[in-house]
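Notes for the one structure printed next.
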Amino acid sequence: MEVLKRGLVFLMVFMVFKRGEGQLFENFYRGTCPNLEMIVKQVVSTKFSQTFVTIPATLRLFFHDCFVEGCDASVMIASPNGDAEKDAQDNLSLAGDGFDTVIKAKQAVELQCPGIVSCADILALAARDVVVLAGGPSWEVELGRRDGLVSQASKVAGNLPDPEFNLVQLNTIFAKNNLTQFDMIALSGAHTLGFSHCNRFSNRLYSFSSSSVVDPSLDPNYAQQLMQACPQNVDPSIAINMDPETPRTFDNVYYQNLVSGKGLFTSDEVLFSDPASQPTVSDFASNPGNFNGAFITAMRKLGRVGVKTGNEGEIRMDCTKFKDA
């Protein structure tokens, strides 16, 4: 009987541990850091009051983190050798305000809950909070991620969407992260916020093809605006808004822009020009509620990509350093 009872206890413990592997829960820190969300929200709000860049920078940081090695804050690691994830060419344009938001939030959380909450979870919460601050929808964030043990610049290339991608290429790279075309179109709506440097789209203005110097899918007036803002040989630090209409508001105007030929990247405009994705873009352009709902679902799915739990990761004290560094 004793053996049977021990066996049942072992089975129950085994089931509990199995349930936690690779799975996240909305109230993961309820018993260990009950004020977590309030702490992070306050820090994000304070940072936002100092600079609007907090919003697009933090949201983009979350995307870039999750698409390389999963949502594990590996993008936060700073290497003295310049060979960490953040040092990769594709990540050099990540604005410092995003990193600073997570670092400050982690410091505030550590004061109340030392050694409990991962940087990966703080980044996930901050990404939700900046969307809300920009007027977008809110959602419950699943938590329980551990921080990654690997951060290498060499792992970035080929794992992030390129501004010149076509629909097939976009779908392929999102599918690697268990995200559908519908999810991809919804997540692209994050381009309603933020800015881009001119070199990311200048080919559409000055060297599109042998038959057309300017990308013919661009609205002519919009193309002229872009040329004025980004003349040839412009200072590479110059950046322009990705949404020319409502650049500081999280809304569905991004999709209305695509319908009007005002998508900044080729990878934006192709969502409307390709018949396979056009109906979804048209729907989101006309129905903000449909877009918000799809965005929430896609963000929750994105947040599950490549998560580490248990011994697969750690809880860093400093988001920029591995625990044993």
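Bear in mind that the values in this text are calculations on the coordinates, not laboratory data. Every value quoted in this text rests on a predicted model; they were computed, and no experiment measured them. Because the Cβ atoms are built from the backbone with ideal geometry, glycine has one as well, and the counts that use them run over all protein chains shown.
Candidate cross-link partners of Lys262 among the lysines, defined by an alpha-carbon separation under 21 Å and a same-chain spacing of 8 or more, are absent. Amide H contacts under 5 Å for Phe165: Ser267, restricted to partners 5 or more places along the chain or on a different chain, H placed in the peptide plane at 1.01 Å from N. Between the Cα long axis of helix 54-67 and the first principal axis of the chain there is an angle of about 70°, rounded to the nearest 10.
When restricted to Cα atoms, region 34-155 yields an Rg and a Dmax of 13.6, 40 Å, respectively. Counted over region 167-303 with a bin width of 10 Å, the fraction of Cα pairs per bin, in whole percents, is 12, 42, 34, 12, 0. The computed mean projected area of the Cα convex hull in nm² for the structure shown corresponds, within [x] 17.1; [y] 19.4; [z] 16.0, to [y]. The GluC sites (Glu not before Pro) found in region 108-170 that occupy coil by DSSP, while having at most 16 further C-beta atoms within 10 Å, are Glu140, Glu164.
Past the 18 Å Cα-Cα mark, which pairs from Lys41/Lys104; Lys47/Lys104; Lys41/Lys106; Lys47/Lys106; Lys155/Lys323; Lys104/Lys321?
On the way: Lys41/Lys104 11 Å; Lys47/Lys104 9 Å; Lys41/Lys106 12 Å; Lys47/Lys106 13 Å; Lys155/Lys323 21 Å; Lys104/Lys321 14 Å.
Violating the 18 Å limit, Cα to Cα: Lys155/Lys323.
Of Gln181, Gln256, Gln169, the residue with the greatest mean-square motion in the GNM of the chain, using alpha carbon springs below 10 Å, is Gln169. Taking every alpha-carbon pair under 8 Å whose residues sit at least 6 apart, the chain reaches a relative contact order of 25 percent.
The angle between the Cα long axis of helix 119-133 and the main principal axis of the chain comes to about 50°, on a 0 to 90 degree scale.
Taking max minus min of the alpha-carbon positions on each principal axis, region 160-208 gives extents of 35, 23, 15 Å, largest first. Peptides 200-213, 183-196, ordered by how many other C-beta atoms sit within 10 Å of their residues on average, highest first, read 183-196, 200-213. Per-residue ellipticity at 222 nm computed for the chain from its helices equals -14000 deg cm²/dmol, with DSSP H segments shorter than 4 residues left out and the rest contributing -39,500 (n - 2.57).
Each semi-axis of the equivalent ellipsoid for region 123-233 is √(5λ) with λ an eigenvalue of the Cα gyration tensor; in descending order they amount to 32, 19, 15 Å.
In region 256-309, the C-alpha radius of gyration followed by the widest Cα-Cα span (Dmax) gives 13.5, 44 angstrom.
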